[in-house]
Amino acid sequence: MTIKYSETAFIFPGQGSQGVGMGRDLAAAFPAARAVFDEADSILGFAFSKMMWEGPDSDLNDTLNTQPALFIHSLAAFHALGPEAAPVFMAGHSLGQLSALTAAGALSFADGLRLVRRRGELMKRAGERNPGGMAAILGVDIPTLDAVCAAASTAGEIVQVANDNCPGQVVISGHKAALERAMLGAKAAGAKRALPLAVSIAAHSPLMDSIQTEWDEAVGAAAFCEAHIPVVGNVSAQPLTKAEDLRADVRAQMQNRVRWTESVRWMNAQGVGIFVEVGTGSVLGGLVKRIVEGVLCLPLGNPQDFEALK
């Protein structure tokens, strides 16, 4: 099939989509993709692609490595598609926002990769300094969950909505004690399930405050420019093109929720009926189908995906 780019958005995955072997077949099939992996190895100063393709899992699942790995695979897939790929919008989930910004021309690949690597370093440090947790809550709406989190929080123990993934699937994040109270509160409010996630980092919450200044400095030092294609911001859930607007959303993302449901609904309201998930897995496509009906979601991370797209 040939897709209409005038009705298409490219979406870029975040943590949780990674797996050993990611991007290996893509690099073998497309010289443009292989060049991205080679450039990444050169920038990082070691054979990072070897770890992506051979593991072990424990190394790849360290947030220090997970974030660059997902970024590299997404940009390799994007470049393999070629310059004719011109969607009307781009968006990325959490880490994926930086992949979207780079694909949209707001950051060079080198600056984007260095920023992603720094993000992983800082978030890992924040988790060591101030351990917390995250939990997936199923079957409760956002207003109810906001109220549950407010009731479970105290002056010294905070929990809040971190990812509004899709209707009925929300991730909360914060101090472990507050998180446990919120999980109980969510069940009392009618949640079908409240599942703790296997992480010690409370992403998109005030527990990231200890590294916010360093993150702001890293974002400030990166050479942002105007995006060629509007990027729907995680925090604003609005299309952004100006460098300073993009910077502000990336800075704010560290402690604020990812408004993915709103972002997808907004793009769909502008006429987007095709969502191409650029990089690893199909997690976002599954979320999109639960947010809006009647849309086409296509993965773009392996060679066979390109045949389906073209």
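Readers should treat all values here as calculations from the given coordinates under stated rules, not as data from a laboratory. Source: prediction; values computed, not measured. Here Cβ is always computed from backbone atoms with ideal geometry, including for glycine, and neighbour counts include all displayed protein chains.
General remarks:
- As a ratio to 2.2 N^0.38 Å, the alpha-carbon radius of gyration for the stretch 1-40 is 1.50.
- Taking N as its residue count, the alpha carbon Rg of the stretch 49-114 over 2.2 N^0.38 Å: 1.17
- Annotation: amide H-H contacts under 5 Å for residue 301 (H modelled 1.01 Å from N, sequence separation of 5 or more, or interchain): 279.
- P(r) tail fraction, the stretch 1-138 - alpha-carbon pairs more than 26 Å apart, %: 23 percent
- Radius of gyration, Dmax [the stretch 224-310; alpha carbons; angstrom]: 14.1, 39
- Taking every DSSP beta bridge that has both ends in the chain, the antiparallel portion is near 55%.
- Report note on the peptides 10-16, 176-182, 229-235, 84-90: ranked by the mean count of other C-beta atoms within 10 Å, highest first, their order is 10-16, 229-235, 176-182, 84-90.
- Choice from 63, 280, 213 showing the highest fluctuation, given a GNM over the chain with Cα pairs closer than 10 Å: 213
- Taken over the C-alpha atoms, the stretch 132-199 has Rg and Dmax values of 10.2, 30 angstrom.
- Taken as entire DSSP H runs, the helices of the chain that both span 24 Å or more between Cα atoms along their own long axis and average -1.0 or more on the Kyte-Doolittle scale are 63-81, 109-129.
- Computed helical MRE - 222 nm, the chain, DSSP H runs ≥ 4 contributing -39500 (n - 2.57), nearest 500: -14500 deg cm²/dmol
- Here the stretch 167-267 is described by how far its Cα atoms reach on the three principal axes: 46, 33, 18 Å, from widest to narrowest.
- Kirkwood radius and radius of gyration were both taken over the C-alpha atoms of the stretch 73-184, and their ratio Rg/Rh is 1.09.
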